[in-house]
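Quick one: this structure, given as C-alpha cells, is what I'll be asking you about.
Derivation of every value follows stated rules applied to the coordinates shown; laboratory data play no part. These numbers come from a predicted model, not from an experiment. Don't worry about glycine lacking a Cβ; one is built from the backbone with ideal geometry, like all the others, and counts go over all protein chains shown.
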Amino acid sequence: MKSPEVEQRQIVVIGAGPSGAIAAAILKRHGHDVLVLERQRFPRFSIGESLLSHCLDFVEEAGMLEAVQAAGFQTKHGAAFAWGERYTEFDFRDKFTEGQGSTYQVIRADFDKLLADQAELQGVEIRYEEEIFAADFNGDCPRLSVRRLADGHEYEVECAFVLDGSGYGRVLPRLLDLDTPSSFPIRQAVFTHIEDRIDPASGFDREKILITTHPTLRDVWFWTIPFSNGRCSLGVVSAAEHYEGYPKDLDACLKQFVAETPSLAKVLENAVWDTPARAIGGYSANVKSLHGPGFALLGNAAEFLDPVFSSGVTIAMRSASMAAGLLHRQLSGEQIDWENQFAIPLKRGVDTFRVYVQGWYDGSFQDVIFYEKASPEIRRMICSILAGYAWDEKNPYVAEPKRRLGVLAELCAMG
C-alpha cells in the first residue's frame, strides 16, 4: 500500500474560527510558517454573536481591528438586564479595568470569515474543507492525518507544534481522549434569527445585548442581540427539565417561552419570525489537560461554560493570544512551562467567569445585578467582568470572585 505524502510545516492551527484566525495571524506577524486546516467552508453559521470589549484587544493584536471597525457591524456599548418590571444596564465604557469600551454585535458567519480573510491577507495559508482524522504525538514531531473532503485525498502533515482552535469540533480532545465531563448541568438553547421590527420608541437599546430572565423560572433566560441590518438573534436557555410540557416544535417552543415573558414579548411584538429555530444542548465541556507535548488547546476546543455572559469568544481569543505568544518564544529557543504560563493563568479567568455563571443560575448574581442601591464603584468592577476583563486581578471581584460575590449577594438580600 502506498504511503501517504508527508508535508513539513512549522505550525498547524486546527480551525479557522476566531481563536484559530487570531493565533495564526499573531504567529505569522512574528515571522512563523502557519498552516490552518478547517473542516468547513466559510462563511458558516455559528452562535456567540455578542462580543465582549476584551475581544477587540486581541483583534487589534492580530492586526485586524481596522477591518472589523470598517465592516459595518452593530456597535455594542454594554449589556442590559430585564426581569419582570426590573431593568438595569451596564455601559462597558464606564468600567474598572482599562481597555476597550465599545465592541460589536456580529453575524458570526460574516465576522469569522472576515477574521479568516484578514489572516490570509497577512500570509497565513488556510485550507478549507479538510478534516484531521488521526493525530500522532508520540514521535519527535507531531503528525496529523488529513483528508480533503472534496475528493477524499489523504496526506500527512508533520510540524513543530499544533494549536487546536476547532471549537465545538474538539478535534484533539476527541482524537487524544482528553475529554472529561463538565461539572455544569445539562442545558439547552433554542434560538433563531428574526426581522425584529423593534419600535425605536420602545426604549430598547440596539447598542446593548438584552438579557431577560423568565418571570417565574429564574434559571431560564433569553438573549436578544440586535444586528445592524434590522435583524436580531433571539434565544432561550433552560435546563432540560423545563422543556417538558413545551411544544416539541422548536419555533412554537421558543414563541411560548417569549409569550410567557411580557417585557420581552412587548419588545418583539412586531417581529417577523422568518427563520426556523435551532437547538444546541449539552454544550458545556471540559478537558483533562489544556496542553501536551507538541500541542495546546484554544477556546471551546478546551472548555465551554455557558452562553450567558458571552464569554466563549473572549476565552477563545485570550487563549489564542497567550498560546501564540508563548509558542513564538518557544520556537525562538526559550523553555516554556505550558502549565504555569498558559493553563493556570488562562483558567484563572475561566474560573472567574464560572463563579458568576453559577451565581447567575442560583440567583445570587441576578440579585446583585438588579440591586438598586449598589455603589457606582462596585458596579464598575462588575461591569469590567461583564466586558470580558476576567483576568484583571486588581479588580477585587476577579481576585476573590466567590467570596466577594457571596458577601455582595448577602448585602443585596438584606435590602
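Any idea how far apart M414 and E85 come out in nm if each label point goes 7 Å out from Cα toward Cβ?
Those two pseudo-labels are separated by 2.6 nm.
Can you tell me the 0 to 90 degree angle between the C-alpha axis of helix 344-362 and the longest principal axis of the chain, rounded to 10?
Helix 344-362 sits at roughly 30 degrees to that axis.
Quick check: Cα centre of the stretch 344-363 to Cα centre of the stretch 98-162, how many Å?
The two parts, judged by their Cα centres, are 28 Å apart.
List the residues whose amide H sits under 5 Å from the amide H of V220, counting only those 5 or more places along or on another chain, with H placed 1.01 Å from N in the peptide plane.
Amide H neighbours of V220, under 5 Å, 5+ apart: H214.
Between helix 108-121 and the chain, what is the angle of the helix's C-alpha long axis to the longest principal axis, kept within 0 to 90° and rounded to the nearest 10?
Approximately 30 degrees, to the nearest 10.
Kindly write out, for the stretch 205-214 in residue order, the coupling ³J(HN,Hα) from the Karplus curve 6.51 cos²θ - 1.76 cosθ + 1.60 (θ = phi - 60°), rounded to whole Hz, with x marking Gly and Pro.
Taking θ as phi minus 60°, the curve returns 9, 5, 9, 9, 6, 10, 10, 10, 8, 4 Hz for the stretch 205-214.
Can you pull the percent of Cα pairs in the stretch 187-281 with separation above 19 Å?
On the way: 1518 of 4465 pairs.
For the stretch 187-281, the fraction of Cα-Cα distances above 19 Å is 34 percent.
A follow-up question, please. Under the rule of -39500 (n - 2.57) per DSSP H run of 4 or more residues, summed and divided by the residues of the chain, what mean residue ellipticity at 222 nm is obtained, to the nearest 500 deg cm²/dmol?
Details: 13 runs with 135 residues, N = 415.
The helix-only estimate for the chain comes to -9500 deg cm²/dmol at 222 nm.
Would you pull out the residues with amide H under 5 Å of E49's amide H, same chain only if 5 or more places away, H placed 1.01 Å from N?
none
Sticking with this structure for a sec: Give me the distance between the Cα centres of the stretch 1-75 and the stretch 207-249, rounded to whole Å.
Each part's Cα centre sits 29 Å from the other's.
Hey, another quick one. In terms of modelled amide H atoms, which long-range or inter-chain residues lie less than 5 Å from the amide H of F161?
V12
Residue-wise, which Karplus ³J(HN,Hα) couplings in Hz belong to the stretch 81-94, taking 6.51 cos²θ - 1.76 cosθ + 1.60, θ = phi - 60°, and x for glycine or proline?
Rounded to whole hertz, the list is 10, 10, 8, x, 8, 7, 8, 8, 9, 10, 9, 5, 7, 10.
Taking the chain as the reference, fit the longest principal axis to its C-alpha atoms, fit the long axis of helix 311-331 to the helix C-alpha atoms, and give the angle between the two in degrees, 0 to 90, nearest 10.
Helix 311-331 sits roughly 30 degrees off the main axis of the chain.
Here's something else I'd like to know. Distance in nm between label sites at E339 and E393, each 7 Å beyond Cα in the beta-carbon direction?
1.8
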